[in-house]
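Written below as structure tokens is the structure these notes are about.
The values are calculated or read from the model by the stated rules, or taken from the named source; none is laboratory data. Source: prediction; values computed, not measured. Keep in mind that these areas ignore ligands, DNA and RNA; they rest on the heavy atoms of the full protein, side chains included. Shrake-Rupley method; radii C 1.70, N 1.55, O 1.52, S 1.80 Å.
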Amino acid sequence: HPPLGITAVILVCALSAIVLVAAGTAGVGVLVEKAPIALEILRWGGAAYLLWFAIRTFRDAIDPKSLHDSDESEAEAEAAGPAATWFPLLGYGARALSEPLSRPKVWRWLNVAIGCMLLFIVARLVLM
């Protein structure tokens, strides 16, 4: 059985993410309804951010040492948007995946996969 502390942290994180996503999407809906240009700004801003993030993941795949060069505030900003299902996977899967995820080669391949997914999303946003 998993420790009670991990379950409590997972529940707090998951509920917080659900509340923040609901509040954010409701706010964006109102904004887009009042100012339709906001959707275009969000689309191009999102595409630019995801492109930047894809470039970073490819950089990290090429040079794993760069994973340790991020400052703390940057890491916090990038970690702010995980979906609620991520937290149980992270909390309960950490022990099972700790050995493979400690290998730099695994992280290089993960970064390549993430970068490719981000580029696909950027292309979809740009071609809308």
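MET117 contributes an accessible area of around 110 Å² to the protein surface, as traced by a 1.4 Å probe with all chains present.
Fully extending the segment from THR25 to ILE41, taken as 0.36 nm per residue of separation minus the present Cα-Cα distance, adds 4.2 nm.
Multiplying the residue separation of TRP52 and TRP86 by 0.36 nm and subtracting their alpha-carbon distance yields 10.0 nm.
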